[in-house]
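The values are calculated or read from the model by the stated rules, or taken from the named source; none is laboratory data. Predicted model, so just to flag it, every value in this text is computed and none were measured. All Cβ positions, even for glycine, are placed from backbone atoms using ideal geometry, and neighbour counts span all protein chains on display.
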C-alpha cells in the first residue's frame with residue numbers, strides 16, 4: 001500500500017516505453033505528492049498532460065493498462081483491471097479494450113471475488129490511490145489463498161490449459177502476425193508481446 005502522501009493515481013507504465021503495432025502509444029503515470037481538493041472531486045482531472053506520447057504513423061493513441069502479471073492483494077491481473085476502469089472513467093479506454101471490458105479476465109476476477117462489476121467500478125471511481133482500492137479489496141473480498149491461487153493459475157495459464165483456448169491463442173497469434181513467436185504460450189504472454197513488454 002502506498003503512504004497517504006504518495007498518491008499513485010490512475011495508470012503507471014511498466015519499465016521503458018510501450019508501443020503497439022502501427023499505433024501511437026501513450027505512457028501514463030500520475031503521481032501526486034500533496035492532497036488537492038479538486039482532485040478529490042474529479043479523479044479524471046488527474047490525467048497528466050505531460051504524459052509521454054509516442055507517435056506512430058499518425059494512428060490512434062492507446063494508453064496501456066498494466067501487465068496482467070502484476071499482483072494486487074494477492075490477485076494477479078487486478079492492477080490491470082483497475083487501470084482499465086480508470087481509463088474507462090476518463091474516456092480513454094481504447095476501442096481494442098472496450099469489447100471485453102468487465103468480461104474475459106475482468107469478468108473472471110469479478111466472479112472469483114464475488115463482486116459485481118457495478119460495485120467495483122464505483123469503488124475505483126471514488127478512489128484516488130491504488131492503496132484505497134487495496135484497502136477496500138482487503139476488507140470486502142474475503143477469499144482464501146487457495147481461492148486466489150486457483151484464479152491466478154487460470155489467468156497465467158490460459159491459452160495452454162485446454163484445446164479450445166490453445167486454438168483461440170493460435171488464431172490470435174496468426175491474426176497479429178505473431179505465429180513465429182514460439183515463446184507466446186499463454187494469453188498473458190500474448191498481451192505482453194502485443195504491448196511490447198517482452
Tell me, which residue of the range 81-94 that is touching a strand residue (DSSP E or B) at 6+ places or on another chain (Cβ under 9 Å) and part of a helix (DSSP H, G or I) is farthest from residue 128 (Cα to Cα)?
81
Could you check residue 153 against (1) in a helix (DSSP H, G or I); (2) surrounded by fewer than 18 Cβ atoms within 10 Å (Cβ to Cβ); (3) in contact (Cβ under 8 Å) with a residue 24 or more places away in the chain and say which number it fails?
(3)
Residue check: is residue 67 outside any helix (DSSP H, G or I) and either closer than 28 Å to residue 193 by Cα or in contact with a helix residue (DSSP H, G or I) (Cβ under 6 Å, 6 or more places away or on another chain) (or both)?
yes
Among the residues of the range 179-198, what is the count of those that are closer than 17 Å to residue 168 by Cβ and touching a helix residue (DSSP H, G or I) at 6+ places or on another chain (Cβ under 7 Å)?
7
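Every residue, every condition in (1) in contact (Cβ under 8 Å) with a residue 12 or more places away in the chain; (2) exposed (fewer than 12 other Cβ atoms within 10 Å of the Cβ); (3) on the phi > 0 side of the Ramachandran plot, yes or no:
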| residue | (1), (2), (3) |
| --- | --- |
| 107 | no, no, no |
| 113 | yes, no, no |
| 118 | no, yes, no |
| 125 | yes, no, no |
| 136 | yes, no, no |
| 164 | no, yes, no |
| 175 | no, yes, no |
| 193 | yes, no, no |
Quick test of your reading of the structure: residue 145 fulfils all but one of (1) in contact (Cβ under 8 Å) with a residue 40 or more places away in the chain; (2) exposed (fewer than 12 other Cβ atoms within 10 Å of the Cβ); (3) within 16 Å of residue 65 (Cα to Cα). Name the failing condition by number.
(3)
Single residue of the range 34-64 satisfying the filter (at pLDDT 50 or above and not in a loop (DSSP other than H, G, I, E, B)) that is surrounded by the fewest Cβ atoms within 10 Å (Cβ to Cβ):
61
Inside the range 99-116, can you point out the residues that are in a helix (DSSP H, G or I) and either over 15 Å from the mean Cα position of the chain (by Cα) or within 14 Å of residue 83 (Cβ to Cβ) (or both)?
105, 106, 109, 111, 112, 113
